[in-house]
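**Student:** Encoded as structure tokens, here's the structure I'll be asking about.
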Amino acid sequence: MSIPGLSHFCDLEVRLGPVMEMGPGRCGGRRIIPIIGGTVTGKVSGRVLDLGADWQTILADGSADIDTRYAFETDDGALIEIVNKGVRHGPPEILQALARGDDVDPALYYFRTTARLETGDARYQWVNRTIFVGTGRRLASAVLVSLFSVN
């Protein structure tokens with residue numbers, strides 16, 4: 001069997017609202033981070049809609065279990081949902097800097113995701129049958145994600 005390849009699909013700048021701390025849950029600290037907008041550029045262009053959230057679990061080692069659901073509208077009017085799951089981890093001092101909102105070089109921590117996209121728009125039906133992987137960077141009030149389709 002062949003080794004899968006990756007093709008760049010898009011870059012997302014996902015703007016975030018204030019973190020809502022839920023406190024300890026069954027598996028770790030829980031928090032909700034509202035998604036309040038953003039931009040999409042690449043093979044598709046558009047805007048991240050002001051809806052959705054990242055439902056995070058912070059594990060004992062400080063790593064974050066990422067579980068997001070949000071949507072974007074393409075410049076040509078298609079609505080595309082994203083369900084993005086992943087993990088962010090790194091040395092404790094780097095994770096603490098991210099938690100403070102410091103700008104941290106993304107080479108100093110691991111932030112990877114798997115994404116499923118879904119739409120009813122006939123022009124983009126192929127995204128319903130494609131697996132995407134992503135790499136991310138956390139900023140003080142946004143997340144940058146580059147998505148790649150798995151060939």
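The values are calculated or read from the model by the stated rules, or taken from the named source; none is laboratory data. Everything numeric here is computed off the predicted structure, so don't read it as measured data. Note that each Cβ is placed from the backbone with ideal geometry, even for glycine, and that neighbours are counted across all protein chains shown.
**Student:** List the number of the failed condition for residue 103; all other conditions in (1) modelled with pLDDT under 95; (2) within 12 Å of the chain's Cα centre (by Cα) hold.
**Tutor:** Every condition holds for residue 103 apart from (2).
**Student:** Can you report the number of residues in segment 39-56 which are over 14 Å from the mean Cα position of the chain (by Cα), part of a strand (DSSP E or B) and closer than 26 Å to residue 150 by Cβ?
**Tutor:** Filtering segment 39-56 for residues over 14 Å from the mean Cα position of the chain (by Cα) gives 41-47, 50.
Still in the list and also part of a strand (DSSP E or B): 41-42, 46-47, 50.
This time we only want the ones that are closer than 26 Å to residue 150 by Cβ, so: 41-42, 46-47.
Result for segment 39-56: 4.
**Student:** Of everything in segment 66-84 that's assigned to a strand (DSSP E or B) and in contact with a Phe, Trp or Tyr (Cβ under 6 Å, 6 or more places away or on another chain), which residue is nearest to residue 31 (Cα to Cα)?
**Tutor:** Going through the qualifying residues, I end up with 67.
**Student:** Output the residue which, of all residues in segment 123-138 that are crowded, with 17+ Cβ neighbours inside 10 Å and of a type in the set (A, V, I, L, M), is nearest to residue 15 (Cα to Cα).
**Tutor:** Among them, the one singled out is 133.
**Student:** Pull up segment 85-96, narrow it to residues that are in contact with a helix residue (DSSP H, G or I) (Cβ under 9 Å, 6 or more places away or on another chain) and outside any strand (DSSP E or B), then point me to the one that is farthest from residue 63 (Cα to Cα).
**Tutor:** Going through the qualifying residues, I end up with 94.
**Student:** Quick one: in segment 139-149, which of the residues that are over 11 Å from the mean Cα position of the chain (by Cα) and surrounded by 14 or more Cβ atoms within 10 Å (Cβ to Cβ) is nearest to residue 4 (Cα to Cα)?
**Tutor:** 149
**Student:** If you don't mind, there's one more thing I want to ask. Any residue at all in segment 64-81 that is out of contact with any Leu (no Cβ under 7 Å at 6 or more places or on another chain), closer than 30 Å to residue 120 by Cα and among the basic types (Lys, Arg)?
**Tutor:** Taking every residue of segment 64-81 in turn, at least one turns out to be out of contact with any Leu (no Cβ under 7 Å at 6 or more places or on another chain), closer than 30 Å to residue 120 by Cα and among the basic types (Lys, Arg).
**Student:** Related question: Here are some conditions: (1) surrounded by fewer than 18 Cβ atoms within 10 Å (Cβ to Cβ); (2) closer than 16 Å to residue 142 by Cβ. Residue 38 meets all but one. Which one does it not meet?
**Tutor:** (1)
**Student:** Among 113, 135, 130, which is the only one that is β-branched (Val, Ile, Thr), over 26 Å from residue 26 (Cβ atoms), touching a residue at least 24 places away in the same chain (Cβ under 8 Å) and out of contact with any His (no Cβ under 7 Å at 6 or more places or on another chain)?
**Tutor:** After ruling out the rest, the residue left standing is 135.
**Student:** Next up: Could you go through segment 22-38 and let me know if any residue there is in a strand (DSSP E or B), of a type outside the set (A, V, I, L, M), in contact with a Lys or Arg (Cβ under 7 Å, 6 or more places away or on another chain) and within 13 Å of residue 70 (Cα to Cα).
**Tutor:** yes
**Student:** Ok, one more. For the subset of segment 101-122 comprising residues that are surrounded by 12 or more Cβ atoms within 10 Å (Cβ to Cβ) and of a type in the set (D, E, K, R), which member is farthest from residue 18 (Cα to Cα)?
**Tutor:** 121
**Student:** Hey, could you check segment 65-85 for residues that are in contact with a Gly (Cβ under 7 Å, 6 or more places away or on another chain) and not polar (S, T, N, Q) and say which is surrounded by the fewest Cβ atoms within 10 Å (Cβ to Cβ)?
**Tutor:** 75
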